[in-house]
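Notes to accompany the following structure.
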Amino acid sequence: MSLLNNKIAIVTGAASGFGAQIARDYVEEGAKVVLADLNLEGANQIAQSLGENALAFKCNVAIKDDIDGLVNFCVENFGTPDIVVNNAGTTHRNQPLMNVDEKTFDLIFDVNVKSIFYMVKAVVPLMRENGGGVMLNVGSVAGIRPRPGLTWYNASKGAVNTLSRSLAVELGPDAIRVNAICPVLGETGLLEHFMGVEDTPENRAKFLTTIPLGRLAKSSDVSNAAVYLASDKADFITGVEFPVDGGRVI
């Protein structure tokens, strides 16, 4: 039996990278999925490849009206979401902390943190009425074991990790499970920003030495975690920071 049969899900940042793979795997496991992204064309391409159980919606997660519109779109087309994956995120380029300007700082916290505030406000009342649900927030190992050069990004993901645990405590009585998925550096469009240098075999090798299993996170690594944590097989798991990191935080 499919792990997410008849479930309804929203995945943000779903036009590429981790979010796109999560959407693919959710549909494969039987869910209906709304793929939300600023890149509507990219989200549409993936949704169309997945068939009638996937729809795309253009959404800037840092804007409340866009989040409200996304949730309404899901309800109108598929029904109340059982699962929400807050995957959309951004970063500043790896650099000394004093070089990051206020505009960039604000963008990082709006996209990575405030978006979850908006999503909670929009979906928790619906999940309560529906008897429960699952929220997965894509945090980062950077919020568990921070390193120099990404200080403000690290701070935003530390907030995501902590608020996930706090949400789990407060929403547990409503049968709403909340967990943070914490990937290590992954093969996504933000890779060079995280590295702060050109993505060459030599530069990549330096980062790989810090990961015991010796490779970067793949989208499938993160999506496998997202499938499990959203499924009934994880129905007694809430409030965890779930590293998908090849041992990076050890």
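Structure summary
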{"read-out": "Residue under evaluation Asn5, criteria (1) free of Cβ contacts under 8 Å to residues at least 60 places away in the same chain; (2) in contact with a helix residue (DSSP H, G or I) (Cβ under 6 Å, 6 or more places away or on another chain); (3) not hydroxyl-bearing (Ser, Thr, Tyr), criterion not met", "value": "(2)"}
{"read-out": "Qualifying position, being in contact (Cβ under 8 Å) with a residue 12 or more places away in the chain and touching a Lys or Arg at 6+ places or on another chain (Cβ under 6 Å), among Ala175, Ala142, Ala168", "value": "Ala142"}
{"read-out": "Residue count, region 218-230 (criterion: among the small types (Gly, Ala, Ser) and buried (at least 21 other Cβ atoms within 10 Å of the Cβ))", "value": "4"}
{"read-out": "Every residue from region 106-128 that is farther than 18 Å from Asn60 by Cβ and of a type outside the set (Lys, Arg)", "value": "Val124, Pro125, Leu126, Met127"}
{"read-out": "Any hit, region 197-208, residues being aromatic (Phe, Trp, Tyr), within 24 Å of Ala23 (Cβ to Cβ) and either assigned to a helix (DSSP H, G or I) or at pLDDT below 95 (or both)", "value": "no"}
{"read-out": "Of residues in region 1-33 being within 21 Å of Cys182 (Cβ to Cβ) and hydroxyl-bearing (Ser, Thr, Tyr), the one surrounded by the most Cβ atoms within 10 Å (Cβ to Cβ)", "value": "Tyr26"}
{"read-out": "Subset of region 1-55 [among the small types (Gly, Ala, Ser) and within 16 Å of the chain's Cα centre (by Cα)]", "value": "Ala9, Gly13, Ala14, Ala15, Ser16, Gly17, Gly19, Ala20, Ala23, Ala36, Ala43"}
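The values are calculated or read from the model by the stated rules, or taken from the named source; none is laboratory data. Quick caveat, the model's predicted, so the values are computed rather than measured. Ideal geometry is used to build each Cβ from the backbone, glycine not excepted, and the neighbour counts take in all protein chains shown.
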